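The values are calculated or read from the model by the stated rules, or taken from the named source; none is laboratory data. Note that the coordinates shown come from a computational prediction; the quantities given were computed from them, not determined experimentally. For neighbour counting, all protein chains shown are included, and Cβ atoms are generated from backbone atoms with ideal geometry for every residue, glycine included.
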Amino acid sequence: MKKSKNFLKHVLSVSVLLSLSSMSFADLVINSAGSKASAPQTVSNWSSAEVNQLLNDDSVVSPKGSTTITTTVRQSNGVSVSNAIPSTTPQIYDTNSYNSQPSVSARAALVMDAQTGEVLYSKNTNSALPIASITKLMTGVVTADARLNMSEEIRLEAIDFAGAGGKNSSSTLKVGDTMNRAEMLLLALMKSENPAAAALARTYPGGRPAFVAAMNSKARQLGMNSTHYTESTGLDPRNISSARDLGILVSASYDYGMIRQFSTTAHYDFNLGYRVLKSNNTNAMVRNGGWNINISKTGYINEAGRCVVMHTTVNSRPAVVVLLGASTSQSRTNDATNLLNWVSNLPKRI
């Protein structure tokens, strides 16, 4: 019998960005992650244990409290420290090692220090390109920002399987499948299920039009100036963004414990009552577990090619990796692996 899952409302917030047009890319990234807030903000970070309890237990789940705290940043040693503000002293790097950069076959690429916003590697970073299911990362952010009841049961309807942009996709889900909103978000982020992402938009207050408006509003708030969304799944090639913009989005998404946990879940069995849906993460690098990946989202449609965004920790350095327009899944994985190996050999800050 399908479990009934209850928990208190999810409370998350992202700092409001001011004077975006005058900020550098590094400033945009640092501020989008909330590490330069001028005033305390309400933040609720869900631990892995709490998220697992939400999905697996019948008991009431509550975060450690929606408390008023100052901004928390992730330091290079992996420890979260409240009240920490990046040093005003310029970071000094031994840039000699940057000259020998890896070859990347993807159409656009970005590697960025997630703590400082420094761009370590770039290729066509300002080109606005179709992003396929990378769209679902913003779907997760908008869902979390709405502070909806994540234990509310959602029933998949035929309209959720209708596709978008003249496209449709295969799915292991069926009309009538019912699960809670948290499970829908897990399916969308981990397995990239389009009907789940469509259902999240359909059940948003105001429906799909309001959801898409919220996606575009959030993009503008974060300073994602090359980004535009038309729907929540990524099937529509008119969902476009740049590697630069997606670097900002990944950095902002790191503030959401639920997105970190759901997007990097390697495997999960969904108990639908009358059947069990065994599901795997779409990113082989997450499934294989060889890298410390904090956020992951893959994407593919013909117009976009193979895409991936990740927040990783490499050699104690938090880094964002964006790849758009790779020709095959293997090529995408090879590019990502080459970039991460390269980052692991970069000099430490001196």
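Annotation for region 337-348: at least one member residue is farther than 20 Å from residue 117 by Cβ, of a type in the set (Ser, Thr, Tyr) and either out of contact with any His (no Cβ under 8 Å at 6 or more places or on another chain) or modelled with pLDDT of 95 or more (or both). Does residue 229 count as crowded, with 23+ Cβ neighbours inside 10 Å and modelled with pLDDT of 95 or more? Considered against the rule, which asks whether it is crowded, with 23+ Cβ neighbours inside 10 Å and modelled with pLDDT of 95 or more, residue 229 comes out as yes. Going by the structure shown, is residue 91 part of a loop (DSSP other than H, G, I, E, B), touching a strand residue (DSSP E or B) at 6+ places or on another chain (Cβ under 8 Å) and either at pLDDT 50 or above or not acidic (Asp, Glu) (or both)? Answer is no for this residue. Exactly one residue out of 146, 128, 108 is under 19 Å from the mean Cα position of the chain (by Cα) and crowded, with 22+ Cβ neighbours inside 10 Å: that is 108.
Count, please, the residues in region 333-349 that happen to be under 21 Å from the mean Cα position of the chain (by Cα) and either of a type in the set (Ser, Thr, Tyr) or closer than 14 Å to residue 293 by Cβ (or both). Selection size over region 333-349: 6.
Residue 176 satisfies every condition listed in (1) at negative phi; (2) outside any helix (DSSP H, G or I) except (1). Residue-level analysis places residue 332 among those that are touching a residue at least 40 places away in the same chain (Cβ under 8 Å) and not in a strand (DSSP E or B). Give region 199-216 a look and list any residue that's within 17 Å of the chain's Cα centre (by Cα) and polar (S, T, N, Q), or say none. 216, the sole residue that qualifies.
Test residue 272 against the criterion of being closer than 21 Å to residue 180 by Cβ, surrounded by fewer than 19 Cβ atoms within 10 Å (Cβ to Cβ), in contact (Cβ under 8 Å) with a residue 12 or more places away in the chain and touching a Leu at 6+ places or on another chain (Cβ under 8 Å), and give yes or no. So residue 272 fails the test.
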